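In what follows, a single structure is set out as structure tokens and then discussed.
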Amino acid sequence: MKYRLFGIILFLLFIAWGTLDGLVEGDWGRLEGGLSNLVVFFEESMWPPNWSVLEARSYPVCEEEVGFFCSVGYLGMMETLKIAFVSTVLGFIGAISLSSLAARNLTPLFVSIPVRVFLSAVRSLPSLIWAILFVIVIGFGPLSGVLAMTFYTVGYLGKLQYEVFEGMGNDPLEAGRAMGLSRPSIFFNIVIPENGNHLLSQLMFMFEYNVRHGTVIGIVGAGGIGYYISTYLKFLQYDKVFALLILIFIVVVLIDLLSLMVRSFVNEEGDVRKPTWLTLLMKARKRKQTSVEEA
Amino acid sequence: MSDTAILSLEGLIIGYDDPLVEPISLEVKPGEIVAILGPSGIGKTTLIRTIAGLVRPLGGSFELNVEPRGGLGYIPQRLGLIRHATVAHNVSLGARMRVKWSLDMFKERKERTFEAIRTLGIEDKASEPVRRLSGGQQRRVATARTLAQRPELMLADEFLGELDQTNVDIVLGAVQDLVKSGTAVIMVEHHEDNAKNFATRIWEIKDQRFIDLPIEEWVKYHSEKEEEE
């Protein structure tokens with residue numbers, strides 16, 4: 001079994017290598033000097049990161065006591081977070097309404113198939129293309145970003161959700177059906193509580209995804225930190241771009257930690273009460289005291 | 001108690017592709033407790049799932065004379081509980097089926113829920129997620145859900161399995177109360193002793209044959225058969 005798996009991986013690697021060779025038409029020479037180019041580019045243009053992006057902008061005049069709150073980094077990141085938050089919430093509501101109709105164990109085929117096709121159609125356009133479309137239709141700004149990411153969230157999250165619903169055990173659904181619960185009642189009282197952990201996890205993942213993609217859609221003028229990244233790229237200010245990328249990385253890590261905390265309320269890991277370092281130290285101290293008293 | 005049949009089977013043929021048992025025709029009246037006996041894989045669960053409306057019969061027909069909303073209570077083999085929801089939420093699903101829309105709806109639903117929880121002795125677990133409970137406690141939750149529902153027909157698939165005698169007594173005691181109010185019970189059972197102590201009627205499936213006897217006759221039939229052997 002182990003050797004078979006190893007063989008499959010080796011075979012897939014071979015196929016991937018062959019395909020890549022076809023794509024570059026055998027011209028591997030262009031890789032030559034790539035690493036040294038990267039080192040030169042990083043040392044000369046990106047390092048050290050220019051943290052002036054976290055200082056107050058010269059215009060418009062900052063009216064805040066702390067200059068950071070008027071900085072490009074803060075304003076851009078906050079706008080990206082707001083766009084991501086609103087589009088995740090709206091997208092989640094849209095996605096859950098549609099995924100309840102797309103799951104084959106919850107609805108008949110004549111309902112689920114058209115809804116699945118619709119979700120695939122929405123998902124087939126990347127958020128960047130949605131952003132370009134909305135920038136054309138309603139102009140530059142965060143509203144285009146919100147609409148673009150909402151549509152993409154509906155398509156993407158909808159698929160994740162209906163797959164989770166289809167994977168759930170059939171027993172609670174059958175018990176509900178036999179009892180005579182209506183379809184909406186089964187969905188709200190059985191399906192959602194049973195899959196709460198997955199739904200929360202997907203919601204947090206989608207928020208993080210939207211924060212990361214907020215940077216991309218900003219480049220086409222749909223608001224957020226991406227707008228500033230795009231501007232700095234145009235003026236070859238890579239050190240500032242690097243500082244903003246570090247900021248995005250920190251925010252993504254913080255969202256991941258937040259996600260871990262939120263999910264701990266619903267997942268089964270919470271059922272196992274692991275000892276904390278504090279309790280272990282207290283126990284050790286107690287044991288030491290008892291042995292001293294006994295001596 | 002009314003004498004109208006709660007369930008009527010007319011030449012019912014059960015199975016998925018091929019018939020599992022000979023055609024079944026019978027009636028179940030309110031207050032009856034039927035235990036279905038037979039070896040594993042013989043069609044006991046299929047029969048109960050067919051009556052629950054979850055499997056389409058291959059032939060014949062059946063008529064359920066119960067209210068469409070909440071008249072039928074069903075405890076599947078794996079209990080059908082929502083593992084991530086609390087005990088109270090699971091039990092309240094049964095209660096919500098029978099409480100009609102009114103201003104006092106939520107109060108009445110809560111009362112029913114906690115009455116069932118208390119009857120099954122799991123009030124200290126009411127706010128715990130079901131996944132944290134032991135197998136026996138989960139079976140009590142599933143029974144409490146049906147108790148809160150107060151159905152006219154209760155279908156239970158091996159719901160006494162894995163239970164110790166104390167838990168069996170608690171669960172059967174609760175179901176007895178339900179039966180006194182007119183509920184008919186059809187349960188798949190592996191332990192003949194439980195069937196003998198609790199049921200009023202036995203359905204036995206053996207070699208595709210279906211035997212339907214009142215408990216006294218079934219006991220007599222079996223003792224005669226054992227003597228013959």
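Every condition in (1) of a type outside the set (Ser, Thr, Tyr); (2) at pLDDT 85 or above; (3) out of contact with any Phe, Trp or Tyr (no Cβ under 6 Å at 6 or more places or on another chain) holds for B:Asn194 except the one numbered (2). Of all residue pairs spaced 6 or more apart or on separate chains, none has beta-carbon atoms under 7 Å together with a first member in the stretch A:20-36 that is exposed (fewer than 10 other Cβ atoms within 10 Å of the Cβ) and a second member that is of a type outside the set (D, E, K, R).
Identify, from the list A:Ser230, A:Ser185, the residue that is away from chain B (no Cβ under 11 Å) and either surrounded by fewer than 19 Cβ atoms within 10 Å (Cβ to Cβ) or not in a helix (DSSP H, G or I) (or both).
Values: A:Ser185 fails: away from chain B (no Cβ under 11 Å).
Going through A:Ser230, A:Ser185 in turn, the sole match is A:Ser230.
Selection of the stretch B:58-75 for residues being among the hydroxyl-bearing types (Ser, Thr, Tyr) and within 8 Å of chain A (Cβ to nearest Cβ) yields only B:Tyr74. Take the conditions (1) over 27 Å from A:Gly169 (Cβ atoms); (2) in contact with a Phe, Trp or Tyr (Cβ under 9 Å, 6 or more places away or on another chain); A:Arg104 misses just one of them, which is (1).
Do we have B:Lys107 as among the basic types (Lys, Arg) and in contact with a helix residue (DSSP H, G or I) (Cβ under 7 Å, 6 or more places away or on another chain) here? Judged against the criteria, B:Lys107 is not a match. When the stretch B:126-141 is filtered for residues that are part of a helix (DSSP H, G or I) and in contact (Cβ under 8 Å) with a residue 12 or more places away in the chain, the ones remaining, listed by number, are B:Val130, B:Arg131, B:Gly135, B:Gly136, B:Gln137, B:Gln138, B:Arg139, B:Arg140, B:Val141. Considering only residues in the stretch B:191-225 that are more than 20 Å from the chain's Cα centre (by Cα) and in a strand (DSSP E or B), the one that is surrounded by the fewest Cβ atoms within 10 Å (Cβ to Cβ) turns out to be B:Arg209.
Of all the listed residues (A:Ser100, A:Ser124), the sole one being closer than 24 Å to A:Leu199 by Cα and either surrounded by fewer than 20 Cβ atoms within 10 Å (Cβ to Cβ) or more than 25 Å from the chain's Cα centre (by Cα) (or both) is A:Ser124. Taking (1) closer than 27 Å to A:Phe188 by Cβ; (2) within 14 Å of chain A (Cβ to nearest Cβ); (3) out of contact with any Ser or Thr (no Cβ under 9 Å at 6 or more places or on another chain) in turn, B:Ser102 satisfies each apart from (2). Screening B:Leu155 against (1) part of a helix (DSSP H, G or I); (2) within 12 Å of chain A (Cβ to nearest Cβ) leaves a single unmet condition, (1).
Just one residue in the set B:Ala116, B:Ala126 is within 20 Å of the chain's Cα centre (by Cα) and of a type outside the set (Ser, Thr, Tyr); that residue is B:Ala116.
The values are calculated or read from the model by the stated rules, or taken from the named source; none is laboratory data. Because the structure is predicted, anything quoted here is derived from the model rather than measured. No Cβ is skipped: glycine too gets one built from the backbone with ideal geometry, and neighbour counts run over all protein chains shown.
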